[in-house]
1. Rounded to the nearest 0.05, what FRET efficiency do residue 37 and residue 68 give with R0 = 35 Å and r taken as the Cβ-Cβ distance? Could you check?
2. Each label point is 7 Å from the Cα along the Cα-to-Cβ direction; what then is the distance between the points at residue 227 and residue 268, in nm?
3. Pop a pseudo-label 7 angstrom from the Cα along the beta-carbon direction at both residue 177 and residue 297 and give the gap in nm to one decimal.
4. From Cα pairs below 8 angstrom and at least 6 apart in sequence, can you work out the relative contact order of region 207-383, rounded to a whole percent?
5. Pairs 136/388; 80/251; 136/394: which exceed 27 Å Cα-Cα?
6. From the residues 141, 96, 326, which one has its Cα farthest along the dipole of the chain in the positive direction, the dipole being from +1 and -1 charges on Cβ of Lys/Arg and Asp/Glu about the Cα centre?
7. Given 88/160; 160/282; 123/165; 354/384; 304/354, which pairs have Cα atoms separated by over 27 Å?
8. Summing -39500 (n - 2.57) over the DSSP H runs of n ≥ 4 in the chain and dividing by its residue number, what mean residue ellipticity at 222 nm do you reach, to the nearest 500 deg cm²/dmol?
Amino acid sequence: MASRFNIVGKANKLKTEQVADDQLEEEVKKTQEKQQAKKKMMLFMGIIVGLLCLILLILFVSSLFIKKVYSYEEIETVIKNASVSYFKDHPDLLPQMDGGIVEIEVDNLVSAEKMKPLTEYTKEGVLCTGRTLVEKAGDEYLYTPYLDCGENFTTVELYKKVTEKVVTSGYGLYKLNNDYVYRGENVDNYVQLDEGLWRIVKVNSNNRIMLIKELSVGNPLAWDNRYNSEIGYSSGINNYSASRVKEYIDKIYDNPKENLNEVMLSSNDKQKIVAYTLCTGKRDINEKDNSGNIECSQVLNNQKVGLLSANDYINASVDSNCNSLADKSCSNYNYLKEKYNWWLVTASTGASDKVYSITDNGRVSLLSAVSFAYVRPVIYLNNKVLYKSGTGTKEDPFILK
């Protein structure tokens, strides 16, 4: 009986060992299959990576033989940067007098190895010429690149774009007193600067563009609040050159306060403006001479920012009954009207503490200088500022390069 159990036990043991061997063989087989699958995956990934590297290599090699075509605006930037680099090497050739201008042709920049010939940047068959005007503006130099590619593209100054369409009736740009003046209620004279929207008031005889900020800066303030010995109390003195409002404008131009809604212009904006002669002459409220002769009988030179003159407000209206500051109809058909009170630069001849402001209904108000109103800065763009895009509407304002 014992012998029988031994035989059965050995059989069971052999069977168990066989099962174990089978399981081990199965696991080995699975492991080998996994390893083979992994090798295939690695091989597949290697092939993909190899193909990608090959494609990138082909693209790189192709790029060495295929010429990149630049946009015209990119070519203008190339010319400008090349000019900056050239004059960095030759500072003695820069204009020395304020307002002085020098010109450099692209051919000279190519000869100096500051850029490649223009044919290297343009499409096949497009022939262009280029140059840069460099103007000294205070302590800065304004570099203006010009590109002429015939019918394909030509660099355009903003003033040329603005003065393309002149009207003789209705709303729009008029030729008036040797200037081009926007008149009417709805006119497409919006310009987008880094710091908000501005409105074109006029283009003067030097092709410089007067802008007024659409929205005011800062909080309402007094035009002036000094003691007036003629009046006998602190009602202000209507001398703009020594006024509080001028102090304020100069201060925020030089040192804007980001958190107090006092940012007027960015550093990029400031490079596009020029100093101008601000007309500060006083006028009687019934005066009907709107040529600017009265306002410009007294001036402040080399101003970067100021306020609007009385005659400019009058000329913005196309109402035939608007002839003097006393005419209430000047608020009609006038795009300069805003929903707040704001100061003019012009003071009254009637009393030494009286100045003019525009009310929220667009009428002219004669106030004591110590009264409060908002500030709408006025600047002039350089006549070489270039047009980029836009039609001048509020939704599609003129954009500068």
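Nothing in this text is a laboratory measurement; each read-out follows from the coordinates by a stated rule. Given the structure is predicted, the values throughout are model-derived calculations rather than measurements. Every residue, glycine among them, receives a Cβ derived from its backbone with ideal geometry; neighbour counts consider all protein chains shown.
1. After rounding, the FRET efficiency stands at 0.15.
2. 4.9
3. Reported label-point gap for residue 177 and residue 297 is 1.4 nm.
4. Answer for region 207-383 is 32 percent.
5. From 136/388; 80/251; 136/394, over 27 Å: 80/251; 136/394.
6. 141
7. Over 27 Å Cα-Cα: 88/160; 160/282; 123/165; 354/384.
8. That calculation yields -9500 deg cm²/dmol at 222 nm.
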